[in-house]
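Visitor: My structure is below; once you've seen it, I'll send some questions.
The values are calculated or read from the model by the stated rules, or taken from the named source; none is laboratory data. Since the model is a prediction, treat every value here as computed from it, not as a measurement. We place every Cβ from the backbone using ideal geometry, glycine too, and count neighbours over all the protein chains shown.
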């Protein structure tokens, strides 16, 4: 019978997992990971700087984009320390308190990513389906309130499972299967009744990761209907181009998420390497790809970046 450990003990810790089967070449694997993290940090910081320094971009669409950028930066900075510590120094231990802090920010920013994409879908719906009322509907005050609602929603969503998990005793096993602290990974090590945690987790998934995509799909169904009623082909192409960046960002978040869910559901006995790589792809894809998507596909962002770079060259 496994010994039950008191989670209030200061010595309690978890052991994180790197890339299973490739421990001998972790230092080489760290190179692409480090490059991806740097792309994420530089790309998101650049877009955030451009939006806040360019007065012409102080519009609801770009305010929501700045929220998405901050969320991606948060995801990057939350997972970077533990992953790089493992790959560079094989430092796999993490204290109970540090694990719960990472748990809070990791899941909070993940939920926030979905919430911001939903807000951006609403922005595109108003811009295309109600263009004459866009400025009166999405005022600066409304945008700020939406941003506050997103933060409150995510904090309220993350705190209950954190406290529910913290009250439970952990078994003698300390080994987690990822390079960071996930709820579904930590709860496997609990030696207690986890039914409340499991039911709450299921409700949370339905409330955020199922409801949000459904509302995004609904908004684009309404947008599609409005676009098809447009008078000319040029107007249709312009409307589609205005939504393309957001559509790609939605795919970048939800396709890896669905893939990871499918692996957890139907490939439980597959190689641990598959689970670890899918989890890393899920967490790294949005922070890395979103800056590239918006830099390439959004003309105003692209022009502002070129203008910012040209000013630096002059100085």
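Visitor: Specify which of the listed residues (37, 13) is under 30 Å from residue 162 (Cβ atoms) and over 20 Å from the mean Cα position of the chain (by Cα).
Guide: Step by step, each of 37, 13 is checked, and only 13 is under 30 Å from residue 162 (Cβ atoms) and over 20 Å from the mean Cα position of the chain (by Cα).
Visitor: Taking region 190-209 as the region of interest, how many residues are touching a helix residue (DSSP H, G or I) at 6+ places or on another chain (Cβ under 6 Å) and not in a helix (DSSP H, G or I)?
Guide: The number of residues fulfilling the criteria is 1.
Visitor: Considering only residues that are under 17 Å from residue 75 (Cβ atoms), in contact with a helix residue (DSSP H, G or I) (Cβ under 7 Å, 6 or more places away or on another chain) and buried (at least 17 other Cβ atoms within 10 Å of the Cβ), which ones fall in region 272-285?
Guide: 278, 279, 282, 283, 284, 285, listed by residue number.
Visitor: Related question: Determine whether region 131-140 contains at least one residue that is surrounded by fewer than 14 Cβ atoms within 10 Å (Cβ to Cβ) and part of a loop (DSSP other than H, G, I, E, B).
Guide: For region 131-140, residues surrounded by fewer than 14 Cβ atoms within 10 Å (Cβ to Cβ) and part of a loop (DSSP other than H, G, I, E, B): present.
Visitor: Among 112, 84, which is the only one that is crowded, with 21+ Cβ neighbours inside 10 Å, part of a helix (DSSP H, G or I) and without any contact (Cβ under 8 Å) to a residue 60 or more places away in the chain?
Guide: It is 112.
Visitor: Further, regarding this structure: In region 163-188, what residues are surrounded by 20 or more Cβ atoms within 10 Å (Cβ to Cβ) and in contact with a strand residue (DSSP E or B) (Cβ under 6 Å, 6 or more places away or on another chain)?
Guide: Result: 170, 176.
Visitor: Restricting to region 36-47, name every residue that is closer than 18 Å to residue 308 by Cα and surrounded by 19 or more Cβ atoms within 10 Å (Cβ to Cβ).
Guide: Of everything in region 36-47, those that are closer than 18 Å to residue 308 by Cα and surrounded by 19 or more Cβ atoms within 10 Å (Cβ to Cβ) turn out to be 43, 44, 47.
Visitor: Still on this structure, I have one more. Quick check, is residue 263 buried (at least 19 other Cβ atoms within 10 Å of the Cβ) and either farther than 26 Å from residue 122 by Cβ or in contact with a helix residue (DSSP H, G or I) (Cβ under 8 Å, 6 or more places away or on another chain) (or both)?
Guide: So residue 263 does not fit the description; no.
Visitor: Can you tell me which of 168, 237 is under 23 Å from residue 59 (Cα atoms) and over 25 Å from the mean Cα position of the chain (by Cα)?
Guide: 237
Residue-wise test of (1) in a helix (DSSP H, G or I); (2) modelled with pLDDT of 90 or more; (3) surrounded by fewer than 16 Cβ atoms within 10 Å (Cβ to Cβ); (4) out of contact with any strand residue (DSSP E or B) (no Cβ under 7 Å at 6 or more places or on another chain).
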{"residue": "223", "(1), (2), (3), (4)": "yes, yes, no, yes"}
{"residue": "252", "(1), (2), (3), (4)": "yes, yes, no, yes"}
{"residue": "257", "(1), (2), (3), (4)": "yes, no, no, yes"}
{"residue": "270", "(1), (2), (3), (4)": "no, no, yes, yes"}
{"residue": "287", "(1), (2), (3), (4)": "yes, yes, no, yes"}
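Visitor: Here's a follow-up. Under 8 Å between Cβ atoms, at least 6 apart or on separate chains: pull out the pairs that start in region 265-279 with a residue that is free of Cβ contacts under 8 Å to residues at least 40 places away in the same chain and end on any residue that is not in a loop (DSSP other than H, G, I, E, B).
Guide: What qualifies is 267/274; 267/275; 270/263; 274/263; 278/256; 278/259; 278/260; 278/263.
Visitor: Please verify whether region 143-154 includes one or more residues that are free of Cβ contacts under 8 Å to residues at least 60 places away in the same chain, surrounded by 14 or more Cβ atoms within 10 Å (Cβ to Cβ), within 30 Å of residue 29 (Cβ to Cβ) and touching a helix residue (DSSP H, G or I) at 6+ places or on another chain (Cβ under 8 Å).
Guide: No, that holds for no residue.
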